[in-house]
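Have a look at the structure below, then the notes.
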Amino acid sequence: MFQSEDLDEKSLDFLVQALESNNLPGFDYLEFKRAVLQLQEINLDEPTAYKSAVTTAATLGITKEKLLETAGYYRNLIEKEMGQFNEALENQSKTKIASRQHEISRLRDQIDRHKAEIERLNNEMGDYLNQVNQAENTSKQEAEKLEKAKVNFEKTNKAVLLQIDKDVENMHKYL
């Protein structure tokens, strides 16, 4: 439904599913968007596709204003999804990264205590250092994974918002 290169497919699917699950009854922006895309698939130029889709909408009693209003509704829905995504990302960060950081801190304290008995505890201290390295690597990997998810989602979210804005602009322009 929304097209752009280099979008994260998982994020796009999630956003489209959010739109679909909150689809208003009757003909509105989403149905209008589908109609425009279908008309463009049969090689109608963009202005003609928009005009044809709005003509179809008019036969159902749908006005340009109603299309703009429902486009705004879906735009707000996508923005709300971004807020919820950021909140979930923050929670994931707290649970995955903070717990790892706490574990790292705990292990470093234990290492410091054992340094006083370095001769007797030399083997045990080596094990703890390995655990610290593993925890740091895991923490770094989780942080990179979360950052990548954030970047992908933000990029996809922005592209969807831009597409909606373009459609609204085109509705103003062509209708």
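Tabulated data
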| read-out | value |
| --- | --- |
| Residue within segment 94-115 that is closer than 29 Å to residue 144 by Cα, out of contact with any helix residue (DSSP H, G or I) (no Cβ under 8 Å at 6 or more places or on another chain) and among the β-branched types (Val, Ile, Thr) present | yes |
| Residue within segment 164-175 that is touching a Pro at 6+ places or on another chain (Cβ under 9 Å), of a type outside the set (D, E, K, R) and over 20 Å from residue 16 (Cβ atoms) present | yes |
| Residue in segment 46-59 that is surrounded by fewer than 19 Cβ atoms within 10 Å (Cβ to Cβ), under 30 Å from residue 148 (Cβ atoms) and of a type outside the set (Gly, Ala, Ser) present | no |
| Index of the failed condition, residue 139 passing every other in (1) in contact with a helix residue (DSSP H, G or I) (Cβ under 6 Å, 6 or more places away or on another chain); (2) surrounded by fewer than 14 Cβ atoms within 10 Å (Cβ to Cβ); (3) among the polar types (S, T, N, Q) | (2) |
| Residue in segment 61-84 that is at pLDDT 90 or above and farther than 30 Å from residue 165 by Cβ present | no |
| Residues being aliphatic (A, V, I, L, M), surrounded by 16 or more Cβ atoms within 10 Å (Cβ to Cβ) and within 30 Å of residue 100 (Cα to Cα) - total across segment 142-175 | 2 |
| Residues that are within 25 Å of residue 158 (Cα to Cα) and surrounded by 13 or more Cβ atoms within 10 Å (Cβ to Cβ), drawn from segment 87-112 | 89, 92, 93 |
| Index of the failed condition, residue 170 passing every other in (1) more than 30 Å from residue 51 (Cβ to Cβ); (2) over 21 Å from the mean Cα position of the chain (by Cα); (3) polar (S, T, N, Q) | (1) |
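Yes/no per residue for (1) over 27 Å from the mean Cα position of the chain (by Cα); (2) part of a helix (DSSP H, G or I); (3) of a type in the set (Ser, Thr, Tyr):
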{"residue": "7", "(1), (2), (3)": "no, no, no"}
{"residue": "11", "(1), (2), (3)": "no, yes, yes"}
{"residue": "25", "(1), (2), (3)": "no, no, no"}
{"residue": "32", "(1), (2), (3)": "no, yes, no"}
{"residue": "39", "(1), (2), (3)": "yes, yes, no"}
{"residue": "48", "(1), (2), (3)": "yes, yes, yes"}
{"residue": "65", "(1), (2), (3)": "yes, yes, no"}
{"residue": "72", "(1), (2), (3)": "no, yes, no"}
{"residue": "77", "(1), (2), (3)": "no, yes, no"}
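Residues checked against (1) within 27 Å of residue 8 (Cα to Cα); (2) modelled with pLDDT of 90 or more:
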residue: 95; (1), (2): yes, no
residue: 105; (1), (2): no, yes
residue: 110; (1), (2): no, no
residue: 116; (1), (2): no, no
residue: 131; (1), (2): no, no
residue: 137; (1), (2): yes, yes
residue: 146; (1), (2): yes, no
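The values are calculated or read from the model by the stated rules, or taken from the named source; none is laboratory data. Computed from a predicted structure; not experimentally measured. Note that we place each Cβ from the backbone using ideal geometry, even for glycine, and neighbour counts take in every protein chain shown.
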